[in-house]
Amino acid sequence: MEIKTLTLQGSAGQSDILIGRGLLSEAAARCLSVFSPSRVHIVSDSIVAPLYLEQLKGQFQLPVTATVLPAGEEHKRLSAVETIYHDLLAAGMTRKDLVIALGGGVVGDITGFAASSFLRGVPLCQIPTTLLAQVDSSVGGKTGVDLPEGKNLVGAFYQPRLVLIDPNVLSTLPPETYADGMAEVIKYGCIANRALLDQIGHDDIENIVYECVKIKRDVVQQDEHDTGLRMILNFGHTIGHACEKLENYVGLTHGQAVAVGMVAAMRLSNALGAPEDLSGPLADILQANGLPTVLTHDREAVFNALLSDKKKFGSTVNFILVRDLGKAEIVPVEAERLHELLLKI
Ligand code: GLY
């Protein structure tokens, strides 16, 4: 089995990221070469557990317990974290033992936060099972849950010591969930590696995941705590988050919202100095990957939703622009100017 390895040097230690087809079938051996637990607790959800939980559990010669959360973003809340704490205590987990997140972004974020705070921190392995989690949320240490007031408002930066990425598991994804991850893949191409855009649809997904994770690793390593450069990972997300919010997080998936947001951000990039309007070619790639591209929401409503988002500082909004494909810039834009431009795109 060919395994590609990336190492992320975080402020609190190293995170090893392994990518390879079939890795899930040797996950326990990989874990035991890094951790020395007396027991293991796996957190998964009601969609992923029936597919992979028994296969993973059966590999350990140690006591293994599990929490199976109900699937869905609406369950990404503090009560899920509390459920995990109770299960960890009932299982007798100590600070030496291992917590594994087996699932998509929601499972990873909740489990990461539980691991960061249980007994003030227990070892964590992420095994992401969606494309979005493989290329984005399982890497870089952002963990957390939503509050009724907004998404990801409570959480911690907590690097998993190990991330095991098996592209074979992507074969069981519904097409819409796969497309969601492709929106993030296309984002990486726009912000950091235009050659990646040509790889899509031609190269093995394993190589594409590797290239995306490499970009994320490089960005996080320079700005782990999201005070500057890491913001470029939010290309398309400022308008995208606003649309998601206007749809009460049910009308559009995250990837669909980011797709629409990236096309709009590309138009804004052109209005703010990009020599060429790259929104057309970007829309073609998104469409070919089953993603929407047209911002159908009322612009005033988008502007208001965007202003209430956390990326606004004073009268300016930190906007991620791509004026040259493969290169992102963080540009403070006056709120009034943004308002004006939004009405035109
Ligand atoms: N998903 C954006 C970040 O990890 O910073």
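In the condition set (1) under 22 Å from ILE200 (Cβ atoms); (2) open to solvent by less than 50 Å² (accessible area, probe 1.4 Å), ILE345 is compliant with all but (1). For the stretch 244-267, name all the residues that are over 18 Å from the mean Cα position of the chain (by Cα) and either open to solvent by less than 50 Å² (accessible area, probe 1.4 Å) or in contact (Cβ under 8 Å) with a residue 60 or more places away in the chain (or both). Matches in the stretch 244-267: GLY251, VAL263, ALA264, ALA265, MET266, ARG267. When we screen GLY155, GLY140 for residues that are touching a helix residue (DSSP H, G or I) at 6+ places or on another chain (Cβ under 7 Å), under 28 Å from TYR249 (Cα atoms) and in a loop (DSSP other than H, G, I, E, B), the only hit is GLY140. In the stretch 179-193 there is no residue that is on the phi > 0 side of the Ramachandran plot and either surrounded by fewer than 22 Cβ atoms within 10 Å (Cβ to Cβ) or over 14 Å from the mean Cα position of the chain (by Cα) (or both). Any residue at all in the stretch 229-241 that is away from the ligand (no atom under 15 Å from the Cβ) and open to solvent by less than 40 Å² (accessible area, probe 1.4 Å)? Checking the stretch 229-241: at least one residue is away from the ligand (no atom under 15 Å from the Cβ) and open to solvent by less than 40 Å² (accessible area, probe 1.4 Å). Scanning the stretch 109-137 for residues that are more than 15 Å from the ligand (Cβ to nearest atom), surrounded by 24 or more Cβ atoms within 10 Å (Cβ to Cβ) and part of a helix (DSSP H, G or I) gives ILE110, THR111, ALA114, ALA115. Among the residues of the stretch 76-96, those that are over 20 Å from LEU147 (Cβ atoms) and either touching a strand residue (DSSP E or B) at 6+ places or on another chain (Cβ under 7 Å) or among the small types (Gly, Ala, Ser) (or both) comprise ASP87, LEU88, ALA90, ALA91, GLY92, MET93. Step by step: first the residues of the stretch 194-214, then only those that are within 16 Å of the ligand (Cβ to nearest atom) and crowded, with 21+ Cβ neighbours inside 10 Å, then the one that is nearest to VAL258 (Cα to Cα). Which residue is that? Checking each candidate, the answer is CYS212.
The values are calculated or read from the model by the stated rules, or taken from the named source; none is laboratory data. Remember, it's a predicted structure, so these values are computed and weren't measured experimentally. No Cβ is skipped: glycine too gets one built from the backbone with ideal geometry, and neighbour counts run over all protein chains shown. In case anyone asks, the SASA skips ligands and DNA or RNA and just uses the protein heavy atoms, side chains included. Shrake-Rupley method; radii C 1.70, N 1.55, O 1.52, S 1.80 Å.
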